[in-house]
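Report on the structure given below.
The values are calculated or read from the model by the stated rules, or taken from the named source; none is laboratory data. Just so we're clear, the structure is a prediction, and the values are computed from it rather than from any experiment. Cβ sites come from the backbone with ideal geometry, for glycine too, and all protein chains shown count toward neighbours. Calculation scope for accessible area: heavy atoms of the full protein, side chains included, ligands and nucleic acids excluded. Shrake-Rupley method; radii C 1.70, N 1.55, O 1.52, S 1.80 Å.
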Amino acid sequence: MNIATLLDMSAEAFGERIAVVSGDTQLSYAELKAAALAAALRVQASGAVYVVLLDVNSAAAPVAIFGAAYAGVPYVPLNYRLTRPEINELIARVAPALLITGADYRGLVDARDDVQIIDREAFLSLHRNAAPIEPADDPRAVAVQLFTSGTTGKPKAAILRHENLMSYIVGTVEFAAADESDAIVVTVPPYHIAGISAVLSSTYACRRMVQLEGFEAAGWLAACREHRVSNAFLVPTMLQRIVDHLDAQGGDAQLPALRALAYGGGKMPLATIRRAMCLLPQVDFTNAYGLTETSSTIAVLGPDDHRAAAASDDPRVRRRLASVGRPGAVEIEIRDEAGKALGSEEAGLVFVRGPQVSGEYLALGSQLDAGGWFPTKDRGYLDAEGYLFLDGRADDVIVRGGENISPGEIEDVLLNHEAVADVAVVALPDDQWGEAVAAAVVLKDGASASVLELQELVRSRLRSSRVPQHIVFKDQLPYNELGKILRRVIRQEFADAV
Amino acid sequence: MAMVLKAGARFRSAVCDAQVMVVKAPPGEHELHCGGAAMLGGSAPAPEGLSLDSARAGGTLIGKRYVNQDESLELLATKGGKGTLALDGMALDVKQAKQLPSSD
């Protein structure tokens, strides 16, 4: 079992079809396979035990993923936004390696005897006359290693084995499901699990991938029109920016080819998805919830769920627009702190089980329990029909006087205030209660609200224990490049200010 | 020739172009055939003198998943061919795909 089989099949069935478009570069599935085989020979000749990519999206990403698979070594895409010392520390952990990089990032890499650097253009122009390689069969071999952006300590190396990725793709994607004219635009960076699953899913569906180096709303819309893009995946911040851009331009999206838009990677604001559904009425929206350690998506809220929730008068159906949907090819269970399985509507910790779940880090080993369940460290609950609602990270829960408080419910209330544009609720150390509730609030331009007024709003909607003892007003909140809020930075700012 | 089928293992037809990967398999030893002849694992050479049995030439399609009656066996056809897949003498059926919304 080897992910290279996905490309073998696409090249066999639809070799002439365009696989990847990136700037002026265009490869058919047959060409992608030839380039990956040439890359595999280069990897084997180098003696590398890892293939590393330090670059933005380009055709080099799929070539490197499959090249590493044919060569039988793990593929490791690195976050090019890390600092130079961080990048070199990670490279040291995967040497000896063959490292593919573009001109913009080459200068970040310290010279080492055990790391061969190859320029992206040279990597894509390797002589494509390599004989077919029968990929190794070991399903337990590591296909992809991703360094997770841990909030404390050194980044953990999550490993995804061929069997995890293959069961995810074969279990959720229909081979050659794409039409000849279909295309997906890929804007998530190659070091994100969604960037990897986009390549694997598209390859197996025989869908054309349009790779964009970065995300910017106008550029994304232009690429969708130019390439007649039918499918896209976005993180919530990206969709927000597209919605804002379309509203500023008068609301006419002019995306007749766009049929399916999936989103994930963070909490989607309800206002954003509602507005997006109005601006793009012909588009099928899918909310995809997944983690690196689960080979990507584990639950989906599909297009029919979106439309039913938006049109329903039943509050239990309406609220599903805020859920991440039902389990895909996995089982999901909610447990309390003591490990007891909980029933529907009972909030606790989210556990997941299934063949696509790796739940494993290099050096730390498997995090699965005796029953094969992986603790996602997300909090949430299932409704009576199995829809999963997430409630933040377990680490973000505020424990005030022994009571567990979810930042999300307080944030949702504050966001209902007409003057509030953005908010993050975090825990602050407190002598009396152990932890206290603190809120960093961004007001809308020209709007005003007092601390007392906001505290009163929370008191009126929730219990008094939920009222933030500390509220500060900020110009903006810190986010990472994929739109994930950096709560630890906010906590630190509060701690520094006290 | 009965053999153990393990998830991830690959087999090829001795009498046509079909190739399969085992997605899921029942325990124990089984006879896996295509086109009337035992399928081959690894780099085992095809025995001489075999030819496609015209009564077992319903075809195998690339990308389709094939299952036995109780779905304890599931194969993915990684290459198409003329032969019909069979486990212990019973022809396999195409598994109806579970349609999931495209998420990536």
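Below is a table of values for the structure above.
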| read-out | value |
| --- | --- |
| Most positive-pole-ward Cα, A:Ala347, B:His33, A:Ala141, against dipole of the protein assembly as shown from beta carbon charges | B:His33 |
| Beta bridges by DSSP in chain A, antiparallel share as percent, to the nearest 5 | 55 |
| Restraint check, A:Lys33/A:Lys484; A:Lys340/A:Lys484; A:Lys156/A:Lys267; A:Lys154/A:Lys474; A:Lys154/A:Lys267; A:Lys33/B:Lys95, Cα-Cα greater than 32 Å | A:Lys33/A:Lys484 |
| Positive dipole terminus of the range A:408-467, leading residue within A:Leu415, A:Leu443, A:Val458 (C-beta point charges) | A:Val458 |
| Eligible lysines near B:Lys6 by straight Cα distance, threshold 18 Å, same-chain separation 8 or greater | B:Lys24 |
| Pairwise centroid distance, computed over Cα atoms, of the range B:38-104 with the range A:1-56, Å | 26 |
| Rounded to the nearest 20 debye, dipole of the protein assembly as shown from Cβ charges on Lys, Arg, Asp, Glu | 340 |
| Exposure rank, largest accessible area first [A:Asp304, A:Asp431, A:Asp252; 1.4 Å] | A:Asp431, A:Asp304, A:Asp252 |
| Ranked packing of A:434-447, A:71-84, A:290-303, most packed first, by mean Cβ within 10 Å | A:290-303, A:71-84, A:434-447 |
| The range A:76-81 - phi-based ³J(HN,Hα) in whole Hz, Karplus 6.51/-1.76/1.60, Gly and Pro as x | 10, x, 9, 6, 6, 8 |
| The range A:306-395: translational diffusion in µm²/s, Stokes-Einstein, Kirkwood Rh over Cα pairs, 37 °C, 0.692 mPa s | 233 |
| Alpha-carbon centroids, the range A:61-114 and the range A:146-207: separation in whole Å | 18 |
| Semi-axis lengths (Å, descending) of the ellipsoid that matches the C-alpha gyration tensor of the range A:244-403 | 31, 18, 15 |
| Whole-angstrom gap from the range A:461-488 to the range A:392-457, using each part's C-alpha centre | 6 |
| 5 angstrom amide H check on A:Gly392, placed H, neighbours 5+ away | A:Arg379 |
| Ranking by accessible area, most exposed first, for A:Phe66, A:Phe14, A:Phe175 with a 1.4 Å probe | A:Phe14, A:Phe175, A:Phe66 |
| Calculated from backbone phi, Karplus (6.51, -1.76, 1.60) coupling profile of the range A:372-387 in Hz, x at Gly/Pro | x, 8, 10, x, 6, 6, 8, 9, x, 8, 9, 8, 4, 9, x, 7 |
| Phi to ³J(HN,Hα) by Karplus 6.51 cos²θ - 1.76 cosθ + 1.60 over the range A:123-129, Hz, x for Gly, Pro | 5, 7, 10, 4, 4, 8, 10 |
| Chain A - convex hull of the alpha-carbon atoms, volume per residue in Å³ | 157 |
| Rotationally averaged projected area of the range A:372-498 (alpha carbon convex hull; nm²) | 10.1 |
| Chain B - Kirkwood radius from inverse mean 1/r over Cα pairs (Å) | 13.7 |
| Test item: Cα-centred dipole of the range A:239-291, Lys/Arg +1 and Asp/Glu -1 on Cβ, debye | 160 |
